[in-house]
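**Student:** Here you go, one structure.
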Amino acid sequence: MALAQSQSQSAATRETLDRYAADYPKGPHDQPQSMCPAFGALRVGLRMRRTATFLSGSACCVYGLTFTSHFYGAKRSVGYVPFNSESLVTGKLFEDIRDAVHAQADPEKLDTLVVINLCVPTASGVPLQLLPKVINGVRIIGIDVPGFGVPTHAEAKDVLAGAMLQRARSEAEAGPVAAPKGWREQGLAEAKTVSLLGEMFPADPMVIGGLLAPLGLKAGPTVPTREWRELYAALDCTVAAALHPFYTASVRELQAAGRPIVGSAPVGAEGTAAWMRAIGEAAEVPAAQVEAAIAAFMPAIRGALARLPIRGTVTVSGYEGSELLVARLLIESGATVPYVGTACPRTPWSEPDRVWLEARGCEVQYRASLEQDLAAVDHHRPQLAIGTTPLVQACKQRGLPALYFTNLISARPLMGPAGAGSLAQVINGAIANQARFDTMLDFFGDTGAGDKAGIWTDTPVLRPEFRADTRRQVIKIMKRRQSEQML
């Protein structure tokens, strides 16, 4: 009996990891290219009303995830199911998880309770699939988000969003479901809606709603949603817009519900026009009506781009999934962008952006590593580098202005008229700081670099003869090892 259960657990884990390998294919690196991926799924649950989250994993991992979540503004507790080696290998951990969800499944407070396996429980095959689907009317959703199976925290958002959409779709197929609060009052019950895939700056959905209005469409829910009922409305859309193109599991559920998917996003003038045409075609809006709407918006967008031009060469990289959209907007603003790297994978929904960028001489690198991003900076010598924290640090050490993508770029409107020109002030301001970097480099020189790093009471004395001797010894060791391998 125990052997059969162990085999079923292993099979369930293998099935999950095989699905992740297909949905989130890895790049040349074998480790996550962002913060712990589980943060993405945890963030989705913590931002939903009437949803509680439990973590199952090593205590140090749980501490780091909860710290990061609260740093990003979470104002609720995270449940934790501790374990030790004995409870892990004997199956007691699963029983502890099951007891915990039974104790916390209060329908007066919760619609959903999410349980997330981190690396160790996933690798050990703790079978969250065997948890009850519903307890006291509260949905129980168990997911695995291991760092060795989900490459980025951005894609981990899709793991939970996709699991929730799958459950919501099965509920809707079983019978009538409740509409989101205010849905009918806002005239959305009978309207043609466009569901939006991807976390955005708060103003962007409203801007998109304005773009859709002349087409006779309304902006629907944004996935990941803020409450459970919005999932039903998201599935009931006319078109789904994959603004962030890596939501593979969510796209699968929307396609299973019979909804067409449109890639790219309304960024810049050309991007907005192309996106509106694609949405109009998918929603069967008359072409003349679409073109009239585009013509009405173009003067405002082109005017904003012209009033706030960006002059300079900029490289772009990050792990949010919107890197290609930002590169498009920079190019339409007048910047030269020779390279854009994203830690997310290549999918059909980013193809319009890839084609557009490459036609303008921009190299697009999916599943980009830090080494590739740094190599692009060294090769192109931009006036500004946009990227992750380690890239920004490396660039500033070299005296090159750099901006952290997540906090300074993605935290701004990008879509439609509001997005046009929104990046110009911060980009131009950063480029203008080159003189300050030059002054600092002249003042500090090579202090703190190489052998001069750290705190010294005396001036370090270099010993090149010691290094030469060590180098000779290393060469001898390497030759000896090569000889042993040949034998």
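The values are calculated or read from the model by the stated rules, or taken from the named source; none is laboratory data. Computed from a prediction, not measured in an experiment: that's the story for all the values here. Cβ placement follows ideal geometry from the backbone for every residue including glycine, while neighbour counts extend to all protein chains displayed. Areas reflect the complete protein model, heavy atoms only, side chains present, ligands, DNA and RNA absent. Shrake-Rupley method; radii C 1.70, N 1.55, O 1.52, S 1.80 Å.
**Student:** Name the residue from Q482, P82, F466 whose Cα lies farthest towards the positive end of the charge dipole of the chain, charges +1 on Cβ of Lys and Arg and -1 on Cβ of Asp and Glu.
**Tutor:** Of the candidates, F466 comes out farthest on the positive side.
**Student:** Taking the Cα centre of the chain as the origin, how large is its charge dipole in debye, to the nearest 20, when only Lys and Arg (+1) and Asp and Glu (-1) carry charge on their Cβ atoms?
**Tutor:** On the way: 48 positive and 46 negative charges, 108 e Å.
Roughly 520 debye, rounded to the nearest 20.
**Student:** Further question on the same structure: List the aspartates and glutamates whose Cα lies under 13 Å from the Cα of K218, skipping any in the same chain that are fewer than 8 positions away.
**Tutor:** E190, D236
**Student:** For L403, which sequence-distant residues (separation of 5 or more, or a different chain) have an amide H within less than 5 Å of its own amide H, given hydrogens modelled in the peptide plane?
**Tutor:** HN-HN under 5 Å from L403: A385, I386, G387.
**Student:** Taking N as the number of residues in region 131-256, what value does Rg over Cα atoms divided by 2.2 N^0.38 Å take?
**Tutor:** Relative to the 2.2 N^0.38 Å estimate, region 131-256 comes out at 1.09.
**Student:** Also, I was wondering about something else. Tell me, which longest segment in the chain has none of the GluC sites (Glu not before Pro) that fall in DSSP loops with at most 12 further Cβ atoms within 10 Å?
**Tutor:** My reading of the result: 285-487 is the longest stretch.
**Student:** Amide H to amide H under 5 Å from E363: which residues, 5+ apart in sequence or cross-chain, H placed 1.01 Å off N in plane?
**Tutor:** Residues meeting the criterion, in which the H sits 1.01 Å from N, are Y339, V340.
**Student:** Testing the spin-label approximation: label points 7 Å from Cα along Cα→Cβ at E358 and L130. State their distance in nm.
**Tutor:** The answer from the label model is 4.7 nm.
**Student:** Compute the semi-axes of the equivalent ellipsoid of region 203-350, taking the square root of 5 times each eigenvalue of the Cα gyration tensor, and list them largest first in whole Å.
**Tutor:** 26, 21, 12
**Student:** Would you pull out the residues with amide H under 5 Å of Y80's amide H, same chain only if 5 or more places away, H placed 1.01 Å from N?
**Tutor:** L55
**Student:** At q = 0.10, 0.11, 0.17, 0.20 Å⁻¹, what base-10 log of I(q)/I(0) does the Debye formula yield for region 33-189 when every alpha carbon is treated as an equal point scatterer in vacuo?
**Tutor:** -0.37, -0.44, -1.01, -1.35
**Student:** State the Kirkwood hydrodynamic radius of region 377-429 in Å, one decimal place, computed from all pairs of distinct Cα atoms.
**Tutor:** Across region 377-429, the inverse of the average 1/r is 11.8 Å.
**Student:** Suppose R0 equals 30 Å; then what is the FRET efficiency for A375 and K452 from their Cβ-Cβ distance, rounded to the nearest 0.05? Display every interim value, and only then the final one.
**Tutor:** Numbers: r = 26 Å, r/R0 = 0.86.
E(calc), rounded to 0.05, equals 0.70.
**Student:** Select from G64, G142, G91 the residue farthest towards the positive end of the dipole of region 57-170; place +1 on Cβ of Lys and Arg, -1 on Cβ of Asp and Glu, and compute about the Cα centre.
**Tutor:** G142
**Student:** Can you work out the Karplus-derived ³J(HN,Hα) for every residue in region 210-223? Use 6.51 cos²θ - 1.76 cosθ + 1.60 with θ = phi - 60°, whole Hz, and x for glycine or proline.
**Tutor:** x, 5, 7, 3, x, 8, x, 10, 10, 6, x, x, 9, 9
**Student:** Whole-Hz ³J(HN,Hα) for each residue in region 123-131, computed from phi via Karplus 6.51 cos²θ - 1.76 cosθ + 1.60 with θ = phi - 60°, x for glycine and proline: what do you get?
**Tutor:** Those phi angles translate into 4, 8, x, 5, x, 4, 5, 8, 5 Hz.
**Student:** Determine the distance separating the Cα centre of region 195-240 from the Cα centre of region 35-56; give it in Å without decimals.
**Tutor:** Distance between centres, Cα-based: 21 Å.
**Student:** How are the C-alpha pair distances of region 244-284 spread across 5 Å bins, as whole percents from the shortest bin up?
**Tutor:** Histogram of Cα-Cα distances, whole percents per bin: 6, 23, 24, 23, 17, 7, 1.
**Student:** Taking Cα atoms of the chain, Rg/Rh with Kirkwood Rh, to two decimals?
**Tutor:** 1.03
**Student:** Express the accessible area of the chain per residue in Å², computed with a 1.4 Å probe while the remaining protein chains stay in the model.
**Tutor:** 48 Å²
**Student:** How long are the three semi-axes of the equivalent ellipsoid of region 32-74, in whole Å, if each is the root of 5 times an eigenvalue of the C-alpha gyration tensor, listed from largest down?
**Tutor:** Working: eigenvalues 55, 29, 20 Å².
Value: 17, 12, 10 Å, ordered largest first.
**Student:** Just name one of Q425, L235, A402: the one whose Cα is farthest towards the positive end of the charge dipole of the chain (beta-carbon charges, Lys/Arg +1, Asp/Glu -1).
**Tutor:** A402
**Student:** Once neighbouring chains are kept in place and the probe is 1.4 Å, which whole percent of the accessible area of the chain is contributed by carbon and sulfur?
**Tutor:** Numbers: 12720 of 23210 Å².
Roughly 55 percent of what the probe reaches on the chain is carbon or sulfur.
**Student:** On a straight-distance basis, which lysines could pair with K452 in a cross-link, Cα separation under 23 angstrom, same-chain partners fewer than 8 positions away excluded?
**Tutor:** K396
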